[in-house]
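Visitor: Could you have a look at this structure, given as structure tokens, before my questions?
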Amino acid sequence: MKIAHSLIALSLLVSLPVAVPALADDGGSFPKAPTFSTLITTPLPIEGMTGDNRGNLYVPARSAGLGVACPVWRVNIDSPTLVVVGTIPAPSATGQCAPLGLAFDRAGKLYVAEADKIYRFLPDAASPLPAVQFASGVPGANGVAFDRHGNLWTSDGTTGQGRVWRIDVYGTPTEMFRIQPIANEVNLVDGVGGVGRDVRTLPPGTITVTPLTRNAANTAGSQPLVANGLAFDDDGDLIVSDTARGALWKVNLDHHGNVRSRMGCDTTFTANTLCLENILVAHPLLEGADGIALDREGNIWVDANERNAVVIVTKNGRNVREVFRNAPDAVTKLRNGGPMEFNTSPVLSDRKFCTANLDANRRDNSPNSGGEIGGTTGKISCMNQRLSDPGMRLPVRW
């Protein structure tokens with residue numbers, strides 16, 4: 001599909017069903033029984049999203065076609081249209097680009113994770129340019145976030161090894177630590193084995209239900225992803241979402257960006273693997289935790305995509321609250337009808353909460369034909385209620 005370098009106006013502000021009420025929290029006032037509307041739909045799938053301090057959101061498209069560059073769109077929350085501000089190159093003439101996380105640096109350049117590389121460009125609606133490679137050697141690059149020194153951090157996503165790299169201003173990556181994988185590799189034979197667990201998601205996994213058991217009926221649906229979304233708090237510590245465990249990790253860093261958290265407790269993993277004491281919180285509401293965003297009170301907003309839910313973890317992990325989850329259909333009992341359709345990447349733009357939706361065919365969102373976008377396109381959804389606490393200050397754009 002050819003995307004013109006111009007404004008593309010699509011369906012706006014479509015009201016969708018109300019979900020279960022949220023609980024009030026001891027640490028702050030959060031929306032109760034919030035509703036969501038579709039801000040805009042996109043002609044291609046989207047996953048990562050970020051914002052600036054002028055009320056704009058930025059989302060890169062995925063799967064534009066073999067050898068075809070993926071557009072990066074800017075969307076203004078108050079006047080939503082798709083404006084192309086740059087492109088991410090396809091990996092080859094026979095490959096498709098599949099960008100994930102993205103973040104601005106202090107100079108206004110946008111950095112985008114794609115496969116084992118990081119690309120960057122200066123968004124320009126008047127003359128959108130192809131992004132250029134900034135860094136490589138970061139397989140599975142997924143979540144991205146800048147620290148206070150201007151270093152870019154990225155996670156290894158679905159590779160399942162839990163690696164997190166710090167990339168300096170020259171584009172040189174250094175592996176800083178690992179989130180403990182779900183299983184170790186001590187007994188591998190020809191790549192097969194492992195000691196630990198295999199977390200599975202149903203669907204695509206299935207089980208056989210009998211009066212006595214609920215055992216696996218297939219081998220589909222493994223979820224190895226332990227290092228996903230990244231965000232820095234006001235203390236300069238790094239928060240990492242752990243999709244498989246349904247957890248958030250907090251990594252303490254010194255003033256030079258070196259890891260102070262304890263590592264190496266379990267010798268069956270690499271020496272730089274974080275000790276389990278660094279888990280800030282683990283909770284069933286966080287199963288499928290993907291992108292994360294912090295507000296100015298230190299609360300962590302989490303897209304729990306496999307549950308089609310939005311969850312808040314209050315500062316220091318004291319409380320976990322479900323703010324929103326799709327209501328089940330009265331007949332089918334499925335939660336795939338929206339408004340969340342595998343929500344992946346939240347942005348707090350001042351007091352406005354918005355999220356990208358990938359519409360993957362997993363767990364609560366399966367089958368993904370049940371919602372608004374049908375699995376081949378994407379959308380941005382925004383909460384209709386204003387937040388009590390604004391999001392952390394977003395980068396300046398000029």
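Visitor: Under the Karplus relation 6.51 cos²θ - 1.76 cosθ + 1.60, θ = phi - 60°, what is the ordered set of whole-Hz ³J(HN,Hα) values for the stretch 280-296, x standing for Gly and Pro?
Guide: 5, 7, 10, 7, x, 5, 8, 4, x, 3, 10, x, 9, 8, 10, 9, 6
Visitor: Leaving ligands, DNA and RNA out of it, rank Leu238, Leu280 by accessible area with a 1.4 Å probe, largest first.
Guide: Leu280, Leu238
Visitor: Cut-off under 19 Å on the C-alpha distance; same-chain residues fewer than 8 positions from Lys32 excluded. Which aspartates and glutamates are left, in chain and number order?
Guide: Lys32 reaches Asp295, Glu297, Asp303, Glu322, Asp350, Asp389.
Visitor: Quick one: what are the phi-derived ³J(HN,Hα) couplings along the stretch 135-152, Karplus 6.51/-1.76/1.60 with θ = phi - 60°, whole Hz, x for glycine and proline?
Guide: Ordered by residue, 3J(HN,Hα) equals 8, 9, x, 10, x, x, 2, 10, x, 9, 7, 9, 8, 6, 9, x, 7, 9 Hz.
Visitor: Antiparallel DSSP bridges in the chain: what percent, to the nearest 5?
Guide: 95
Visitor: Just to check I understand the Karplus step: with θ = phi - 60° and J = 6.51 cos²θ - 1.76 cosθ + 1.60, what whole-Hz values come out for the stretch 169-186, glycine and proline as x?
Guide: Using θ = phi - 60°, the values come out as 5, 9, x, 9, x, 10, 6, 9, 6, 10, 6, 4, x, 5, 9, 8, 10, 5 Hz.
Visitor: Compute the Kirkwood hydrodynamic radius of the stretch 111-176, taking the inverse of the mean of 1/r over all pairs of distinct Cα atoms, and give it in Å to one decimal.
Guide: Hydrodynamic radius (Kirkwood, Cα only) of the stretch 111-176 equals 12.1 Å.
Visitor: List the pairs from Lys109/Lys379; Lys117/Lys333; Lys109/Lys352 whose alpha-carbon separation is above 29 Å, in the order I gave them.
Guide: Among Lys109/Lys379; Lys117/Lys333; Lys109/Lys352, the Cα-Cα distance tops 29 Å for Lys117/Lys333.
Visitor: In Å, what is the Rg of the alpha-carbon atoms in the chain, and how long is Dmax?
Guide: Taking only Cα atoms of the chain, I get Rg and Dmax of 20.0, 64 Å.
Visitor: While we're on this one: Amide H neighbours of Ala145 under 5 Å, counting only residues 5+ apart in sequence or on other chains, H built in-plane at 1.01 Å?
Guide: Trp153
Visitor: Still on this structure, I have one more. Give the residue list of trypsin sites (Lys or Arg not before Pro) in the stretch 52-98 that are DSSP loop and have at most 16 other beta-carbon atoms within 10 angstrom.
Guide: On the way: sites: Arg54, Arg62, Arg74; in loops: Arg54, Arg62.
Sparse-neighbourhood loop trypsin sites (Lys or Arg not before Pro): Arg54.
Visitor: Ordering Leu100, Leu122 from largest to smallest accessible area (1.4 angstrom probe), what's the sequence?
Guide: Heavy-atom accessible area, descending, gives Leu122, Leu100.
Visitor: List the residues, sorted by chain then number, that are 5 or more residues from Phe30 or on another chain and whose placed amide H is less than 5 Å from its amide H.
Guide: Asp25
Visitor: Can you list residues from other chains, or at least 5 along the same chain, whose modelled amide H is less than 5 Å from the amide H of Leu39?
Guide: Amide H to amide H, under 5 Å and 5 or more residues apart or across chains, Leu39 pairs with Leu13, Ile380, Ser381, Cys382.
Visitor: Whole angstrom only: what separates the Cα centroid of the stretch 308-373 from the Cα centroid of the stretch 158-213?
Guide: 23
Visitor: What number, in nm² with one decimal, is the all-direction average of the projected area of the convex hull of the alpha-carbon atoms of the stretch 281-354?
Guide: Value for the stretch 281-354: 4.9 nm².
Visitor: Now for a different question. Quick check: the distance between the Cα centres of the stretch 261-276 and the stretch 43-79, to the nearest angstrom?
Guide: 37
The values are calculated or read from the model by the stated rules, or taken from the named source; none is laboratory data. Every value quoted in this text rests on a predicted model; they were computed, and no experiment measured them. Neighbour counts are summed over all protein chains in view; Cβ atoms, including those assigned to glycine, are modelled from backbone coordinates with ideal geometry. Ligands, DNA and RNA are stripped out before the accessible areas are found, and what is left, the full protein with its side chains, is counted by its heavy atoms. Shrake-Rupley method; radii C 1.70, N 1.55, O 1.52, S 1.80 Å.
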